[in-house]
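Q: Below you'll find the structure I mean.
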Amino acid sequence: MTGFAMQARKNGILEPLDSKPPANLADIRERHTRSRGTPSPTESLYKSYTRRVGKAPNEATVVAEVSKRLLKSHSDESYDTVINKAFTGFPKNAGVNNGLSAPQPDFVEGLGVNGFRPLPIEDYVDGAVLYKDNPRSITLPHLAGEFKGPGKNLIHARLQSAYDGAALVHGRNRALDSLGEPSIAGHAKVTTFTTDGTNLNLFAHYATPSEDGTTEYHQYPINSTILTNSLQDFRQGYRQIRNAQDYAREESYKLRDQLKENWKAKRSQPVPLPSIEGEPLRPRHSKASGSGKGE
């Protein structure tokens, strides 16, 4: 086990073998495999993808081919994708990152800061804004991914995605805490994937309290597909990753809307009147004390 893996385990990040299935695993798998209602990839697209990935000389080429032919491109102006950038805005004392450099997924997708306006999300939830001093930073995302070049070790990518997913879960749970609505026990809303262009693996992430009171971050397998095995397998992986993207987008907007409504409700509450406690008592005069006037 590497030094990174040892420290990650100390921080409560569990590998798939040690993770428990989320309570909503059946729902997640159903979502990932359901029909998209759009045309399936053609055989010519499958053959082109297989040929290009098979000739890919490095990780950057794999990223380009997967992004172009497998991943969905969103049209939302407020929903963005960032490639290979460290989470410089992630809190240094989050616990999940003790002794580790900031998470830096190869791929992350989510709402930008401006998608939360007028809510000042950077002041509302600590660590929600992932890139420091970036007015367009991705904020509270629910999907991250790790790529590897041909012949590279996907086990290391899986460990990296465990850290990415734990960071995203931490941010989501902090946001829910600010609402006074803790996450539903055992339910996973964050997804990560790993791929080398040939293999595609999807994982569900969530957190639970451990026996010693610390937090454990679970990474549980959802589906695995060999994309280049057949047209049917390529279509399956294509459908699963795009459905995962849609699910993450849906959860991002849902959380954003909850945070904005909560912020608006707090702002609309009347300002309490100043307290009069501590003011000196004024003497009270009774009628019986005599004022010198007759009745």
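Q: What is the fewest-to-most order of HIS205, HIS187 by other Cβ atoms lying within 10 Å of their Cβ?
A: Ranking HIS205, HIS187 by Cβ neighbours within 10 Å, fewest first, gives HIS187, HIS205.
Q: Treating the angle as unsigned and between 0 and 90°, give the value, to the nearest 10°, between the Cα long axis of helix 231-268 and the longest Cα principal axis of the chain.
A: The helix 231-268 is inclined about 10 degrees to the chain.
Q: Do you know the relative contact order of the chain, to the nearest whole percent, from alpha carbon pairs under 8 angstrom that are 6+ apart?
A: Relative contact order, the chain: 23 percent.
Q: Next question. Considering the options GLY115, SER178, LEU231, tell which one lies farthest towards the positive end of the dipole of segment 3-267, charges being +1 on Lys and Arg and -1 on Asp and Glu at the Cβ, about the Cα centre.
A: Sorting the options by dipole projection puts first LEU231.
Q: Quick one: order GLU109, GLU77, GLU211 by neighbouring beta-carbon count within 10 Å, fewest to most.
A: Arranged by neighbour count, lowest to highest, GLU109, GLU77, GLU211 become GLU211, GLU77, GLU109.
Q: When the Karplus curve 6.51 cos²θ - 1.76 cosθ + 1.60 is applied with θ = phi - 60°, which whole-Hz ³J(HN,Hα) does each residue of segment 197-208 get, with x for Gly and Pro?
A: Coupling constants for segment 197-208: x, 9, 9, 10, 10, 10, 10, 9, 10, 7, 10, 9 Hz.
Q: Choose one of ALA56, LEU25, PRO270: the residue whose Cα lies farthest towards the positive end of the charge dipole of the chain (beta-carbon charges +1 Lys, Arg; -1 Asp, Glu; about the Cα centre).
A: The Cα lying farthest towards the positive end belongs to ALA56.
Q: Something else: Residue-wise, which Karplus ³J(HN,Hα) couplings in Hz belong to segment 73-87, taking 6.51 cos²θ - 1.76 cosθ + 1.60, θ = phi - 60°, and x for glycine or proline?
A: Coupling constants for segment 73-87: 9, 7, 8, 4, 5, 9, 10, 10, 10, 10, 10, 6, 10, 5, 6 Hz.
Q: Would you mind computing, in nm to one decimal, how far apart the modelled labels at ALA23 and GLU77 are, each placed 7 Å from Cα along Cα→Cβ?
A: Taking the simple label geometry, ALA23 and GLU77 are separated by 3.9 nm.
Q: Could you work out which residue, out of ALA265, ALA56, ALA23, moves most in a Gaussian network model of the chain, that is, has the largest mean-square fluctuation with Cα springs under 10 Å?
A: Maximum among the listed residues: ALA265.
Q: Considering only DSSP beta bridges with both partners in segment 3-267, what is the antiparallel share in %, to the nearest 5?
A: Looking only at bridges with both residues in segment 3-267, the antiparallel portion is about 80 percent.
Q: Nothing charged except the Cβ atoms of Lys and Arg (+1) and of Asp and Glu (-1): what's the magnitude of the dipole of segment 221-265 about its Cα centre? Round to the nearest 20 debye.
A: Taking the Cα centre of segment 221-265 as origin, the dipole is about 120 debye.
Q: Give me, ordered by chain and number, the residues 5 or more places off ILE222 or on other chains with an amide H under 5 Å from its own placed amide H.
A: Hits under the 5 Å cutoff: LEU202, PHE203, ALA204.
Q: Of ASN114, ASN173, ASN134, which is the most mobile in a GNM of the chain whose springs link Cα atoms less than 10 angstrom apart?
A: ASN134
Q: For the chain, take the longest principal axis of its alpha carbons; what is the angle in degrees between that and the long axis of helix 154-179, to the nearest 10 within 0 to 90?
A: 20 degrees
Q: Then there's this: Given (1) 113, 43, 37; (2) 65, 50, 39; (3) 51, 43, 37, which label gives Cα extents along the principal axes in Å as computed from the coordinates?
A: It is the value labelled (1).
Q: Which cross-chain or sequence-distant (5 or more) residues have an amide H under 5 Å from the amide H of PHE107, H modelled 1.01 Å from N in plane?
A: ASN84, GLY145
Q: How do ILE241, ILE222 line up, fewest other C-beta atoms within 10 Å first?
A: The fewest-first ordering by Cβ neighbours comes to ILE222, ILE241.
Q: Shifting gears a bit: Which whole-angstrom value gives the distance between the alpha carbon centres of segment 172-221 and segment 19-36?
A: About 13 Å separates the Cα centre of segment 172-221 from the one of segment 19-36.
Q: Set the bar at 23 Å for Cα to Cα. Now go through LYS189/LYS266; LYS72/LYS189; LYS85/LYS254; LYS20/LYS254; LYS72/LYS254 and name every pair that lies beyond it.
A: LYS189/LYS266; LYS85/LYS254; LYS20/LYS254
Q: Okay, next question. Please get the size of the charge dipole for segment 3-267, origin at its Cα centre, with Cβ charges of +1 on Lys and Arg and -1 on Asp and Glu, quoted in debye to the nearest 20.
A: Using Cβ point charges on Lys, Arg, Asp and Glu, segment 3-267 gives about 700 debye.
Every number here is computed from the coordinates shown, using simple stated rules; none is lab data. The structure displayed is predicted, hence computed values, not measured ones. Cβ: placed from backbone, ideal geometry, glycine included. Neighbour counts: every protein chain shown.
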